[in-house]
Number of protein chains: 2
Amino acid sequence: MRFLLFAAIFVASSLSAMNLIDEAKNSGLKPLPKDQKGVEEILKSNGVKVSQFDLRKVELGKKLYFDPRLSKSGIISCNTCHNLGLGGADGVSTAIGNKWKENPHHLNSPTVYNAFLNNVQFWDGRAKNLADQAKGPIQSEPEMATPAKLAVEKISSLPEYVKEFKQIYGKSGVSFDNIADAIANFERTLITPSRFDAFLNGDEKALSNDEKKGLRLFIDKGCVACHNGVNLGGNMQPFEVAGKYKFSNLGDFKGDANGMVKTPTLRNVAETAPYFHNGAIWKLTDAIKEMGSVQLGINISNKDAKSIETFLKSLTGVKPKIIYPQLPVSTEKTPLPQF
Amino acid sequence: MRFLLFAAIFVASSLSAMNLIDEAKNSGLKPLPKDQKGVEEILKSNGVKVSQFDLRKVELGKKLYFDPRLSKSGIISCNTCHNLGLGGADGVSTAIGNKWKENPHHLNSPTVYNAFLNNVQFWDGRAKNLADQAKGPIQSEPEMATPAKLAVEKISSLPEYVKEFKQIYGKSGVSFDNIADAIANFERTLITPSRFDAFLNGDEKALSNDEKKGLRLFIDKGCVACHNGVNLGGNMQPFEVAGKYKFSNLGDFKGDANGMVKTPTLRNVAETAPYFHNGAIWKLTDAIKEMGSVQLGINISNKDAKSIETFLKSLTGVKPKIIYPQLPVSTEKTPLPQF
């Protein structure tokens, strides 16, 4: 009798977990791909074009990602604002760039982890893939401030880079396109599997009961309407649907031409405060409540916000092991830093 | 006959190489220590006091070294100016810090590699060891600009750090002294054995003939008078001995109270342009000639400068493999970045 009771409870809770997995999948949530082939399939279904993946590009791209000489001053690298030790972001409200300039639209640096799986790049979605994205901050005056021509001159002055570019890209060698392509190939490896992925892949015990409760709320309250797909975000959605965003006085960003904005990924969200395009909110539960009010037109209670936060923390993933690269040595031909 | 001739040549060149090893050692040049015990012996003989070496401190110190939250703004880490991928320095003339301020004395960031073996720290030698040194840039307004109290508050707000500090330092836990001590323990592992060390340790073939010629000039011209010991530098020497430094109008640095300045290490010097306390010279051969004129009162020909440069390049060492650290996640108690 006791055995039967246990068995019944086990079946019930097991069924409920299975239901939740199905429910999560049916509401559009997807696990991370397991390999680069899986990445390609997702990108293809997103309509995102990318160049052929190549491990040599990954190694080259890693060096470029960490190389501050891609900035005009020589002291800002991609990793400055998309710090791989800080959830792939910088932990400040507004990105700070060349000459300590704030981003003129008060935009917050999004995480680079899993960014490759976003359907679009930048807050206004103006780039379709990470290679196009990488060209933006390098050239942008308040970021790295390096004109494309200067970036190519700098990299071309470093024989070790020149050799690698020739080996990988053949005749085209060092070009701004190839610099961006190598960086994008490195970023393509910055994927962070989490317990939530294990859960979606069928491991019912990968999430605790509290996390499952939070996931159910996340689905039921409608968060999943925008935060869906493999990245729980990364697609364009209308900006300020339901109400006035109480921090919209911070910065002049109004989304793209149609007032649309890129929904940020929720992967590793517990590591990437402050939140929103203008980094106006530091507390994750505050961000959850604010989104309820602004995007869904509902009041999310403190208790429910805490529960959703508990689920969101299960999205913190395992980071790839990165060996800090030794960068090619500057030569007499290397253009000097400019301040 | 032919065999004898070969044998005679071999013996002669072998003897000459052996003589050069002895000569180098007699002139005060020393190989890197092979382990932390050897490091301790050197420090003891230098009169430098350090805390007990501990691998747990090394791991903790590595995180702190890469953690930009030790700066007031949250975007500058030790690694910003002492970049482990760029020979342990920043590749710019004058260190740039908080709010993009230049170092007020136009001082250049020295390499962190092997810095532990310097007899003194800072250009004016005001710190005897790296733990004392580390406290300087963290607090200094034009560098990381974090008062000691704020640094302790920030680190104390991160539970993962708090736990590690307690495990390692016991009751004293997170303190500014312990933060500096952990960073110093990490820096103590940043040692870069080079072919020159193999040569000093008896491997005659570790240097090419051209490098040996350069080493002989380095000794004969008198460079070794200041650039000696295990770091080929790292001790205090009179500033501008023989002549007027043609770049002395850059910055107001005049050395310590007695007009003495720390001789920079020549290890990895080929990777750490620009040169001198004010980063005024970018070309290594120019730096060699300038030092001949200013410090030794001699004219070093272009050919000899090139030969000495060839030797100095053999001092480029193998860098330790550093896995980029995942940093503890900020909490609601973490003091916000200040701009």
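No value in this document is a laboratory result; all are computed from the given coordinates. Computed from a predicted structure; not experimentally measured. Note that each Cβ is placed from the backbone with ideal geometry, even for glycine, and that neighbours are counted across all protein chains shown.
A viscosity of 1.002 mPa s and a temperature of 20 °C, combined with the Kirkwood radius over C-alpha pairs in the Stokes-Einstein formula, give region A:37-187 a diffusion coefficient of 137 µm²/s. Ranking B:PRO159, B:PRO335, B:ASN108 by Cα position along the charge dipole of chain B, where only Lys, Arg, Asp and Glu carry charges on their C-beta atoms, puts B:PRO159 farthest toward the positive end. For B:ILE281, the residues whose modelled amide H falls within less than 5 Å of its own, excluding neighbours fewer than 5 places apart on the same chain, are B:TYR275. The GNM of chain B, with springs linking C-alpha atoms under 10 angstrom apart, assigns the highest mean-square fluctuation among B:LEU130, B:LEU296, B:LEU107 to B:LEU296. For the rotation carrying B onto A, the chain B residue whose Cβ lies nearest the axis, with the distance in whole Å, reads B:TRP100, 2.
Along its three principal directions, the equivalent ellipsoid of the protein assembly as shown from the Cα gyration tensor extends over semi-axes of 51, 26, 26 Å, largest first.
Membrane-span-like helices in chain A, defined here as complete DSSP H runs extending at least 27 Å along the helix axis by their C-alpha atoms with mean Kyte-Doolittle hydropathy no lower than 0.5, are A:2-26; this is a sequence and geometry rule, not a statement about a membrane. B:GLY259 label point (Cα plus 7 Å toward Cβ) to equivalent points in the other copies: 7.3 nm, shortest first. Position A:GLY47: other-copy label points at 7.4 nm, ordered by increasing distance, label point 7 Å along Cα→C-beta.
Counting neighbouring Cβ atoms within 10 Å and putting the fewest first, the residues B:PHE116, A:PHE276 line up as A:PHE276, B:PHE116.
For region B:323-339 versus region B:99-113, the spacing of their alpha-carbon centroids is 24 Å.
Computed over the alpha-carbon pairs of chain A, the distance histogram in 10 Å steps reads 5, 24, 31, 22, 11, 4, 1, 0, 0 percent, short to long. Mean residue ellipticity at 222 nm, helices only, chain B: -12000 deg cm²/dmol; runs of at least 4 DSSP H residues each add -39,500 (n - 2.57), and the sum is divided by the number of residues. Per residue of peptide B:308-316, the mean number of Cβ atoms on other chains within 10 Å of the residue Cβ is 0.
The P(r) of region B:192-313 has a tail past 21 Å containing 37 percent of all C-alpha pairs. Close amide H contacts of B:ASN83 (hydrogens built in the peptide plane, cut-off under 5 Å, sequence separation of 5 or more or a different chain): B:GLY88, B:ALA89, B:ASP90.
Pairs over the 20 Å Cα-Cα cut-off, from the set A:LYS212/A:LYS321; B:LYS101/B:LYS283; A:LYS30/A:LYS221; A:LYS37/A:LYS135; B:LYS37/B:LYS171; A:LYS221/A:LYS306: A:LYS212/A:LYS321; B:LYS101/B:LYS283; A:LYS37/A:LYS135; B:LYS37/B:LYS171.
Checking the Cα-Cα distances for A:LYS63/A:LYS319; B:LYS128/B:LYS289; B:LYS49/B:LYS262; B:LYS289/B:LYS313 against a 27 Å cut-off, the pairs over it are B:LYS128/B:LYS289. A:ASN118 sits among other residues whose Cβ lies under 10 Å from its own Cβ, and their net charge, with Lys and Arg +1 and Asp and Glu -1, is +2.
Cross-link partners of B:LYS34 among aspartates and glutamates, defined as those whose alpha carbon lies under 16 angstrom from its own and excluding same-chain residues fewer than eight positions apart: B:GLU187, B:ASP197, B:ASP203. In the protein assembly as shown, the DSSP beta bridges split such that about 90 percent are antiparallel, to the nearest 5.
Exposure proxy shown here: for A:TYR275, A:TYR113, the number of other Cβ atoms within 10 Å sets the order, fewest to most, as A:TYR275, A:TYR113.
Taking other C-beta atoms within 10 Å as the exposure proxy, B:ARG69, B:ARG216 rank B:ARG216, B:ARG69 from fewest upward. A cut-off under 13 angstrom between Cβ atoms defines the neighbours of B:LEU296, and their net charge, with Lys, Arg +1 and Asp, Glu -1, is -2. Shortest first, A:PHE339 label-point distances to identical copies amount to 2.1 nm, with the label point at 7 Å from Cα along Cα→Cβ. Region A:191-225 to region A:268-315: how many Å between their Cα centroids? First find each Cα centre; the distance between them is then 16 Å.
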